[in-house]
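What follows is one structure encoded as structure tokens, with my remarks underneath.
The values are calculated or read from the model by the stated rules, or taken from the named source; none is laboratory data. In this text, all values refer to a predicted model and were calculated from it rather than measured experimentally. No Cβ is skipped: glycine too gets one built from the backbone with ideal geometry, and neighbour counts run over all protein chains shown.
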Amino acid sequence: MTLRKTTLQRSLMTGACIAAMATTYATADQMPAERSLSGLQYELIGRGDIYSYRALDSYNQAPFLDALVSEGKLPPVSERLPAEPLVFSTAAMSDGLGEYGGVFRHVIGGRPEGFNWLAGQHQGWGGINMAVQECLVRQGPRWQVKAEDQSGPLPNLAKSWEWNAEMTELTMHLVEGIKWSDGDAFDTDDIAFWWNDNVENENVASRIQAGSFGGGAKLDVIDAYTFKFTFPSKQSNTVIEGLAYIQGCPGPSHVLKASHPTYNASATYDSYLNAMPADNVPYPVLGAWVPVEHKADEIVILRRNPYYWKVDEAGNQLPYINEMHFKLTTWDDRTTQALAGTGDWSNMENPGNYVEALKQSQDPNSPVSAKFGPRTLAWRIELNFAQNLAEGAYDKELRGLFRNTDFRAAMSHAIDRDAVGQALARGPFAYPYMGGFASGSPYYHAEATHYTPFDQGKAAELLAGLGLKDTDGNGVLNLPETGEDLVIDMTFKSQRTDDRKQVDAVTSQLAEVGIRVLPKSVDETSFDPMRNSGDFTAILQRANFILPTRETCGNLPVSDICPAFHLTGADGRDMMDFEVELADLVQKFGSTDDAAAQSQYADRMQTLLSQNYYNIGLIQVPAALLVNKRVKNAHPGTPVFMYEWAEDAVIRERLWVPADQQTEELLPGTIAEY
Ligand code: GLA
């Protein structure tokens with residue numbers, strides 16, 4: 001941990017701009033003291049201690065694959081693996097080399113939207129996206145890397161990279177000889193398709209947006225395994241974080257090209273989006289497991305990928321576990337089933353069931369134990385700032401109000417965050433959230449955060465100052481221009497009970513200052529397309545902002561078409577001044593590897609975000625990872641969310657279950673047939 005400088009020291013060091021922030025600190029209310037519930041304990045290791053890439057003398061495979069090889073249905077394992085596979089070090093495994101077989105039982109509340117992740121589709125979250133997608137670099141395991149070795153994300157599909165002296169060109173080298181799960185070669189054809197026909201194609205709602213990566217990188221293919229990004233300005237290793245999950249994950253171009261309008265004159269972008277529909281699995285993937293069956297609202301079953309390109313030090317091809325289930329129920333049920341032992345995993349993240357879950361997990365016979373990490377889960381209200389996209393006089397006036405700092409300050413003061421937290425769970429779980437980085441982020445500093453205490457009087461005063469009056473005596477303020485009642489449609493995900501409870505709490509709190517909230521629930525599958533289209537007034541949702549470089553587009557105005565709560569219309573986008581500064585800070589953050597400088601940029605982001613109520617923060621809570629005790633190699637220090645979600649951080653391809661404790665496979669002896 002580097003020493004945190006006091007505000008005064010920082011302002012002395014960096015001159016006018018930061019000194020101005022220091023003045024603000026002095027007058028602003030300070031964040032109340034926080035009590036961490038984190039009980040995670042672990043040893044930090046070197047960056048190269050987790051895995052490396054090298055050839056081993058010989059390789060082994062899951063025993064049931066032997067028959068498929070002798071029947072000629074699969075080539076021998078050594079031919080399916082790259083010449084230098086990714087090798088996990090035994091020393092970094094908490095339980096050592098594993099045994100093959102068995103099932104890993106996930107339970108999720110999401111539903112697969114489709115498998116064309118290149119076009120922005122998700123597969124239902126809860127770790128299923130990450131089971132099928134592999135990305136150029138990897139963030140999950142970084143929680144275990146010691147500070148002095150933190151030089152950015154870990155390698156994955158890209159095993160190495162180098163910069164030119166000016167840091168304007170980044171050349172990346174793919175692992176040579178990786179194959180898709182159907183045996184097709186993975187190479188720069190897939191990289192060119194990902195970049196040229198998805199990222200750079202404005203008709204495709206790719207997760208990484210053209211222009212957002214390094215301020216507008218260009219990509220050139222050098223050979224089958226080498227490609228180069230050229231940037232318009234100096235960059236740093238930090239920029240590479242944008243190539244981890246969920247942005248830098250290539251799709252099977254040998255399948256997708258046939259449905260893409262650039263390669264097929266009769267294809268449309270709609271048909272391209274649905275080129276790999278959720279109900280027609282399997283599809284070729286690079287991940288450890290291949291989806292082979294999907295029963296709507298019941299289950300997605302995945303079987304081991306016989307071409308997976310990672311091994312252990314004894315040459316055993318990974319994953320150890322043959323089959324993976326995603327039962328399709330609810331997020332709360334994920335925790336219930338983990339506690340009951342019918343599910344193997346939960347990111348315990350629903351405060352509504354914390355008290356009961358903690359009680360149950362303390363029983364020595366409980367199938368799981370619960371350890372909290374830092375507060376990294378945060379909920380917020382996103383107000384739609386795109387006034388020029390609003391239709392009708394009322395919406396235009398409302399969005400105009402949203403763009404007014406005093407209005408946002410009034411909303412923030414009107415919210416009693418302690419009461420919101422207690423409405424979810426009694427106890428010390430929730431801490432007020434003011435937007436920006438959650439307190440568990442390595443970039444969070446309380447002193448850089450502008451705190452808005454609960455103060456209805458102040459809220460009322462600010463609202464009156466904006467000319468808002470209850471002119472018809474119905475208890476709801478009227479807008480000065482249209483004279484209409486001030487009603488905010490608040491969209492939330494119907495499957496998320498904690499979101500619903502917060503909508504309820506906020507609705508009654510805002511009513512007390514004359515703002516009427518109309519809750520609108522949207523099914524989780526339709527939620528992302530709705531949000532991305534910008535067709536909403538306000539959203540209440542959990543949105544974890546931990547790193548400036550992770551899913552930046554969802555949080556900060558780094559490209560014309562993000563974030564969703566401030567889209568660009570035909571006549572451009574009316575950026576608020578602080579948004580311009582935020583976009584600039586993201587570029588500055590990405591152009592340096594100097595941790596102290598990055599910390600200062602992050603502080604400035606935090607101050608801008610909280611002082612301007614860019615989002616109206618609500619509460620932040622810690623989460624606990626629940627893994628069934630029979631599952632080995634689930635490192636006890638794994639945080640639910642840090643650089644990435646725990647499903648990535650725990651490295652599932654290394655998990656195993658002793659043979660005598662394995663549960664029965666639903667599709668034993670099989671692999672995907674295309
Ligand atoms: C959802 C869940 C999280 C986590 C992620 C993984 O958001 O709520 O706990 O499982 O999916 O993408």
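Points worth noting:
- Any pair with Cβ under 7 angstrom, 6 or more apart, that starts in region 637-663 at a residue that is under 15 Å from ALA624 (Cα atoms) and away from the ligand (no atom under 16 Å from the Cβ) and ends at one that is at pLDDT 95 or above and charged (D, E, K, R): none
- Remark: TRP161 matches the filter, which requires a residue to be among the aromatic types (Phe, Trp, Tyr), away from the ligand (no atom under 16 Å from the Cβ) and farther than 21 Å from ILE301 by Cα.
- Across region 328-357, the qualifying residues are those that are away from the ligand (no atom under 12 Å from the Cβ) and among the polar types (S, T, N, Q), and the one among them that is farthest from the chain's Cα centre (by Cα) is THR342.
- Condition met for LEU518 (under 29 Å from the mean Cα position of the chain (by Cα) and more than 16 Å from the ligand (Cβ to nearest atom)): yes
- Meets criteria (of a type in the set (A, V, I, L, M), part of a loop (DSSP other than H, G, I, E, B) and farther than 30 Å from ASN156 by Cα) for VAL355: no
- Which numbered condition GLU71 fails, given (1) under 15 Å from PRO155 (Cβ atoms); (2) surrounded by fewer than 16 Cβ atoms within 10 Å (Cβ to Cβ); (3) not aromatic (Phe, Trp, Tyr): (1)
- Condition check for THR449 on (1) in contact with a strand residue (DSSP E or B) (Cβ under 8 Å, 6 or more places away or on another chain); (2) touching a residue at least 24 places away in the same chain (Cβ under 8 Å); (3) β-branched (Val, Ile, Thr): one failure, at (1).
- Listing of strands (runs of 3 or more DSSP E) fully contained in region 25-131 that carry 3 or more residues being within 16 Å of the ligand (Cβ to nearest atom): 103-108
- Filter result for the condition that a residue is closer than 30 Å to ALA92 by Cα and surrounded by 21 or more Cβ atoms within 10 Å (Cβ to Cβ), over LYS146, LYS179: LYS179
- Checked against the criterion of being part of a loop (DSSP other than H, G, I, E, B) and either under 30 Å from LEU40 (Cβ atoms) or at pLDDT below 95 (or both), the candidates PRO668, PRO639 yield just one match: PRO639.
- Test: residue in region 391-398 that is buried (at least 20 other Cβ atoms within 10 Å of the Cβ) and either free of Cβ contacts under 8 Å to residues at least 60 places away in the same chain or more than 16 Å from the ligand (Cβ to nearest atom) (or both): yes
- Residue in region 157-166 that is among the polar types (S, T, N, Q), surrounded by fewer than 20 Cβ atoms within 10 Å (Cβ to Cβ) and at pLDDT below 95 present: no
- Against the test of being assigned to a loop (DSSP other than H, G, I, E, B) and without any contact (Cβ under 8 Å) to a residue 60 or more places away in the chain, the options ALA265, ALA258, ALA278 yield a single qualifying residue, ALA265.
- Residue ID - nearest to HIS173 (Cα to Cα), chosen from residues in region 43-96 that are in contact with a Gly (Cβ under 6 Å, 6 or more places away or on another chain) and small (Gly, Ala, Ser): ALA83
- Qualifying residue in region 209-221 (condition: modelled with pLDDT of 95 or more and closer than 19 Å to GLU134 by Cα): no
- From the options LEU74, LEU56, LEU37, residue that is farther than 30 Å from ARG531 by Cα, in the same structural domain as SER526 (by TED's automatic domain parsing) and either touching a Phe, Trp or Tyr at 6+ places or on another chain (Cβ under 6 Å) or of a type in the set (A, V, I, L, M, F, W, C) (or both): LEU37
- Just one of (1) touching a Ser or Thr at 6+ places or on another chain (Cβ under 6 Å); (2) at positive phi fails for ASP190. It is (2).
- Boolean, SER233 is touching a residue at least 40 places away in the same chain (Cβ under 8 Å), in contact with a helix residue (DSSP H, G or I) (Cβ under 9 Å, 6 or more places away or on another chain), assigned by TED's automatic domain parsing to the domain that holds TRP289 and surrounded by fewer than 16 Cβ atoms within 10 Å (Cβ to Cβ): yes
- Residues of region 132-146 classified as within 13 Å of the ligand (Cβ to nearest atom) and more than 14 Å from the chain's Cα centre (by Cα), total: 1
- Top-ranked residue in region 612-626 [being β-branched (Val, Ile, Thr) and either more than 13 Å from the ligand (Cβ to nearest atom) or surrounded by fewer than 24 Cβ atoms within 10 Å (Cβ to Cβ) (or both); ranked as farthest from GLY427 (Cα to Cα)]: ILE616
- Filter pass, TYR674 being away from the ligand (no atom under 16 Å from the Cβ) and either over 18 Å from LYS310 (Cβ atoms) or crowded, with 23+ Cβ neighbours inside 10 Å (or both): yes
- Looking across region 254-304, just one residue is basic (Lys, Arg) and closer than 14 Å to ASP197 by Cα, and that is LYS257.
- Screening ILE321 on (1) assigned to a helix (DSSP H, G or I); (2) away from the ligand (no atom under 16 Å from the Cβ); (3) hydrophobic (A, V, I, L, M, F, W, C); (4) not assigned by TED's automatic domain parsing to the domain that holds TYR613 shows it passes everything except condition (1).
- Selection from region 534-551 of residues that are modelled with pLDDT of 90 or more and farther than 21 Å from ALA623 by Cα: GLY534, ASP535, PHE536, THR537, ALA538, ILE539
- Test result for SER94, under 30 Å from GLN247 (Cβ atoms) and either small (Gly, Ala, Ser) or in contact with a helix residue (DSSP H, G or I) (Cβ under 7 Å, 6 or more places away or on another chain) (or both): yes
- Test: residue in region 180-194 that is under 21 Å from the mean Cα position of the chain (by Cα) and of a type in the set (D, E, K, R): no
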